[in-house]
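**Q** My questions all concern the structure below.
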Amino acid sequence: MAGVTDRYEAKRTMYKVFGGVAVVCLLLAVTVAPSPASEARINMQALMAKRVPVLLEFGRGWCIPCKYMKPILDDMVRLYAGKAIVTTVDMDANKDLVRDFRIRMMPTQVFLGPDGKEFFRNEGTLEREHIMQIFAKMGIPQPALPSGPAAAAPAAPTGRGAPVR
């Protein structure tokens, strides 16, 4: 019986030691790793202070339709530099904006006028041409689209978007 008790005590000691090491490692990882929320926060006051139209694209990195939108939005950033602000909003890091804009699914694009009022909203994906048409309705002239293989759009995903969890 003494052997069984000794083994039980040895296992208990091992769990305490290794469990403590795991907790220390976890605490170090949490303390040392930079917080993605602090890096991806959107300052709406600073954006609106520029007094230009803004396109906010709400999504998350793992969302397939959001990944589809990334090259399109990157193109829009280049095409409308100095005329409009095009930015993605990480929904995990900006829960206050998700609540304030009443975002129901991802991706969702919200176009704001220079005065900060919502001009247009879309749930799901948008093509380059449609984004350019919306900006034109907002009074921004359409820039010339670059030609070549880099300008070709990826294949459209099925469905409107992903529900917000």
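**Q** Compute the length gained on full extension between I64 and A49: take 0.36 nm times their separation in residues and subtract their Cα-Cα distance, giving the result in nm to one decimal. Present the calculation step by step, with values, prior to reporting the outcome.
**A** Values: separation 15, 0.36 × 15 = 5.40 nm, distance 3.21 nm.
Additional length available on full extension: 2.2 nm.
**Q** If I stretch the segment between K117 and A81 completely, what's the gain in nm (0.36 nm per residue apart, minus their alpha carbon distance), one decimal?
**A** Details: separation 36, 0.36 × 36 = 12.96 nm, distance 2.06 nm.
Here the segment from K117 to A81 would lengthen by 10.9 nm.
**Q** Another question, if that's okay. Once you put a point 7 Å from the Cα of E127 and another 7 Å from the Cα of K95, both along the Cβ direction, what distance in nm separates them?
**A** Going by the 7 Å Cα→Cβ label model, 3.8 nm.
**Q** Using the 10 angstrom Cβ neighbour count as an exposure proxy, how do V89, V110, V52 rank, fewest first?
**A** On the way: V89 24, V110 20, V52 17.
Ordered from fewest to most neighbouring Cβ atoms within 10 Å, V89, V110, V52 come out as V52, V110, V89.
**Q** Which log10 I(q)/I(0) values, to two decimals, does region 43-116 give at q = 0.26, 0.28 Å⁻¹ under the Debye formula with one point per Cα?
**A** -1.30, -1.38
Every number here is computed from the coordinates shown, using simple stated rules; none is lab data. Keep in mind that this is a model prediction, so the values were computed, not measured. Here the Cβ is made from the backbone with ideal geometry for all residues, glycine too, and neighbour counts use every protein chain on show.
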